[in-house]
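Data first, discussion second: the structure below is written as structure tokens.
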Amino acid sequence: MRVWHQSFTVLEDVPHYTAALERHLGRVAAAGTTVDLHGMAPGTYPSDYPGVHIGYAYLAGLHKEQFVRAAQQAQAEGYDAFMIATIPDTAFEECRSVVDIPVVAFGNSSVAFAATLGSRVAIVHFIGGLRDQIRRNMRSYGFSDLVGPVVQVDARFHDIMAAYAEPTGLLDAFREAARTAIADGADVIVPGEGPLNVFLADQGVVEVDGVPVVDSLGVLLQMAEIRGATYCRTGLTPSRAGFFHAQPPAEAIDAARAFYRSFEA
């Protein structure tokens with residue numbers, strides 16, 4: 001099975017994370033599964049990387065097009081599943097509507113899995129601008145009653161990258177944030193964003209004070225494998241009913257893209 005992993009980061013800019021990601025997904029993947037890593041195009045983030053963009057509806061919305069094009073490319077190249085590996089589930093609905101191969105998303109999959117371990121899920125993340133997106137997504141998925149605290153770790157993107165070399169400070173910061181969530185009633189922790197999740201998995205963190213910590217990307221890959229196998233065996237595709245699921249004609253997509261490219265001339 002071939003799985004396309006799509007990150008919201010420019011992977012060439014973060015070699016420590018990319019290496020950790022390859023290592024971790026290689027451990028989690030089933031025998032016979034190949035995961036190919038893909039990131040955003042170099043130069044996507046000209047400003048503070050990438051938190052400024054991920055915290056604004058318009059900027060984050062512009063970047064959805066990279067995910068949609070990647071999903072279409074994955075299908076054209078014969079991939080069995082497409083993974084949206086960022087907790088705001090960027091372009092999940094859009095990607096799912098334009099391709100038939102399975103599209104699975106970080107926040108959706110990891111929180112759904114967390115519900116098998118407990119009854120009140122906390123999301124512990126490190127980019128403050130994600131909070132509103134996460135809350136809206138959880139309402140859309142019907143997870144509002146399941147997801148409780150959304151807590152920010154006292155760390156920034158560059159702190160996460162540095163922690164791959166010196167982990168102690170970030171481990172302490174994560175445990176402090178997790179304990180804040182636990183004090184608010186959480187009985188399962190979902191780490192938000194790939195870099196934090198992979199760091200914790202690398203460090204062997206599977207619980208805090210008896211509360212399980214989900215390997216979000218590991219779960220996402222396993223969901224991709226399940227959905228990919230089901231699609232190959234049965235041809236099962238997502239709903240095509242209604243505005244959010246209907247599959248637009250390919251020629252309409254091409255025409256709309258050509259029209260908007262004309263503004264750039």
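The values are calculated or read from the model by the stated rules, or taken from the named source; none is laboratory data. These numbers come from a predicted model, not from an experiment. FYI the Cβ positions are ideal-geometry reconstructions off the backbone, even for glycines, and counts take in every protein chain you see.
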Every residue in segment 110-134 that is over 19 Å from Gly55 (Cα atoms) and buried (at least 24 other Cβ atoms within 10 Å of the Cβ), please. Ser110, Val111, Ala114, Val121, Ala122
Among the residues of segment 125-140, is any assigned to a strand (DSSP E or B) and within 25 Å of Tyr58 (Cα to Cα)? yes
Condition test on Arg23, is it at pLDDT below 95 and either in a helix (DSSP H, G or I) or in contact with a strand residue (DSSP E or B) (Cβ under 6 Å, 6 or more places away or on another chain) (or both)? yes
All-but-one check, Ala91 against (1) closer than 24 Å to Phe199 by Cα; (2) surrounded by 18 or more Cβ atoms within 10 Å (Cβ to Cβ), failing number (1)
Name the residues in segment 30-61 that are closer than 20 Å to Gly107 by Cβ, part of a helix (DSSP H, G or I) and of a type in the set (A, V, I, L, M, F, W, C), would you? Ile54, Ala57, Leu59, Ala60
Which listed residue is touching a His at 6+ places or on another chain (Cβ under 9 Å) and surrounded by fewer than 17 Cβ atoms within 10 Å (Cβ to Cβ), from Leu21, Leu11, Leu37, Leu25: Leu37
Among (1) assigned to a helix (DSSP H, G or I); (2) under 30 Å from Pro167 (Cβ atoms) - the single one Glu94 does not satisfy: (2)
Would you pick out the residues in segment 112-140 that are touching a residue at least 60 places away in the same chain (Cβ under 8 Å) and β-branched (Val, Ile, Thr)? Val121, Ile123, Val124, Ile127
Listed by first then second residue, the pairs whose first member lies in segment 90-111 and is closer than 19 Å to Ala229 by Cβ, whose partner is modelled with pLDDT under 95 and surrounded by fewer than 24 Cβ atoms within 10 Å (Cβ to Cβ), with beta carbons under 7 Å and at least 6 positions apart or on separate chains, are Arg96/Pro238; Asp100/Thr237
Check on Ser144, of a type outside the set (Val, Ile, Thr) and in contact (Cβ under 8 Å) with a residue 24 or more places away in the chain: no
